[in-house]
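The structure appears right after this line, and notes come after that.
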Amino acid sequence: MSAPNKSYDPVEVEALKPEEIERMRSEALAAFAAAGDLEALHEAKIAHTGPTSPLSLANREIGALPPQAKAEAGKRVGMARGVVSKALAARQAELEAERDARVLVEEAVDVTVPYDRVPAGARHPLTTLSERIEDVFVAMGYEVAEGPEVEAEWFNFDALNFEPDHPARAMQDTFFVQGRGTKDDESGVVLRTHTSPVQVRSMLDREPPIYVVCPGRVYRTDELDATHTPVFNQVELLAIDEGLTMADLKGTIEHMVRSLFGEGLTTRLRPNYFPFTEPSAELDMQCYVCRGESVGNPEAPCRTCSSEGWIELGGCGMVNPRVLVAAGIDPEKYSGFAFGFGIERMLMFRHNVEDMRDMVEGDVRFTRPFGMEI
Ligand code: FA5
């Protein structure tokens, strides 16, 4: 700072010359205009309005001027500082507005973007098919009944009229958890080989009339291949009432077939043998794809029924009176029918699945095309 000087003329002081003040002013304005963001503007602010900026230093020179010169120099510097601080505030507002607009765009939440990039899971088609079948029977007034998968040999075989030496009891067909005891009333324990033991449990638990549908997992010592699995699912049907006949059985299954596969389809019975039904039959449904038209017609073969016109559904028959007696039901008063079939096999022909192993391997590429049923 210069020393006080009576003959001091502000125009003579280098920093206070009008052209110097003008230069400081326009340099400050140019620096603010050139600042591309708030950070650069902050730098420019310190350089041009801070305590060591040329205008602040020039302002300090005024204090050393004689009183008569102070007013003019003060006016010149004050005006320049006023213009500079206005320009700074304007640029500051401009850059803040730009930043806010940019942040709004960059940080915007697009509410139309799908929120579930991780696809939702879904239940296995075996489960949904089994439930669809249950629904058909529940709509007819049937009740869903379940039983244990680890089952007493008595329920799985004896009560169902299997002879003690029936081949199905052999170790090579049945998974035994515990062998039969030495006394007559000591049942062995098996992994149930079918859902038919739930028939007996349902009859012991209820008074007739009884209408139950019994879905569940069953186990056999079968090798896993394209058409067999050692763990599979069955659905069992049992109706006990006065005066039931094979006609009721056939009509009931036909209703199920039409509900699941389409109107107008018929069924047929072929004689068979099961110890727990008498008479027993194998039940076939008319092929829902070709409706029999592929039979003897090599021009239009049918993959679903192998051009046989019929698809095998499962076993059925009138409940053997011996089973009714074992379950405490009077065979003179009541009769009943039963039907049991495999869900994996139904899923195969209903959806053209060629290999049952696909159903058990848990690969989502198999289940995904069935849709997101939950
Ligand atoms: C039975 O299990 C009888 N309980 C069915 C029954 C119920 C008859 C009521 C009469 C009255 P079967 O052993 O045939 O029957 O088996 C029934 C169905 O299970 C077969 O038609 C087939 O669809 C399915 N099945 C059998 N073994 C396997 C296997 N290893 N893998 C997949 N499905 C199988």
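Quick notes on this structure:
- Count - residues of the range 170-193 that are buried (at least 16 other Cβ atoms within 10 Å of the Cβ) and over 40 Å from the mean Cα position of the chain (by Cα): 3
- Residue count for the range 245-279, restricted to those that are more than 15 Å from the ligand (Cβ to nearest atom), surrounded by 16 or more Cβ atoms within 10 Å (Cβ to Cβ) and under 25 Å from PRO331 (Cβ atoms): 0
- Those residues of the range 18-71 which are open to solvent by less than 40 Å² (accessible area, probe 1.4 Å), closer than 17 Å to ALA87 by Cβ and outside any helix (DSSP H, G or I), in sequence order: ALA35, GLY50, SER53
- Within the span defined as the range 353-367, one or more residues are part of a helix (DSSP H, G or I), away from the ligand (no atom under 16 Å from the Cβ) and either touching a helix residue (DSSP H, G or I) at 6+ places or on another chain (Cβ under 7 Å) or touching a residue at least 24 places away in the same chain (Cβ under 8 Å) (or both).
- In the range 190-222, the qualifying residues are those that are in a helix (DSSP H, G or I) and touching a strand residue (DSSP E or B) at 6+ places or on another chain (Cβ under 6 Å), and the one that is farthest from the ligand (Cβ to nearest atom) is SER202.
- Restricting attention to the range 223-244, the residues that are more than 10 Å from the ligand (Cβ to nearest atom) and not in a loop (DSSP other than H, G, I, E, B) total 3.
- Which numbered condition GLU163 misses (of (1) in contact with a helix residue (DSSP H, G or I) (Cβ under 9 Å, 6 or more places away or on another chain); (2) open to solvent by 60 Å² or more (accessible area, probe 1.4 Å); (3) outside any helix (DSSP H, G or I); (4) modelled with pLDDT of 95 or more): (4)
Let's see how each residue does on (1) open to solvent by 30 Å² or more (accessible area, probe 1.4 Å); (2) in a loop (DSSP other than H, G, I, E, B); (3) without any contact (Cβ under 8 Å) to a residue 24 or more places away in the chain:
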residue	(1), (2), (3)
VAL83	yes, no, no
LYS86	yes, no, yes
ALA93	yes, no, yes
ALA97	yes, no, yes
ASP100	yes, no, yes
VAL111	yes, yes, yes
PRO114	yes, yes, yes
VAL138	yes, no, no
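- Restricting the range 339-352 to residues that are of a type in the set (D, E, K, R) and within 12 Å of the ligand (Cβ to nearest atom) leaves a set whose member that is farthest from the chain's Cα centre (by Cα) is ARG345.
- Residues that are open to solvent by 40 Å² or more (accessible area, probe 1.4 Å) and hydrophobic (A, V, I, L, M, F, W, C) within the range 194-239 comprise LEU204, LEU224, VAL231, listed in sequence order.
The values are calculated or read from the model by the stated rules, or taken from the named source; none is laboratory data. What you see is a predicted model, and the numbers here were worked out from it, not measured in a lab. FYI the Cβ positions are ideal-geometry reconstructions off the backbone, even for glycines, and counts take in every protein chain you see. Please note that ligands, DNA and RNA were not included when accessible areas were found on the heavy atoms of the full protein model with its side chains. Shrake-Rupley method; radii C 1.70, N 1.55, O 1.52, S 1.80 Å.
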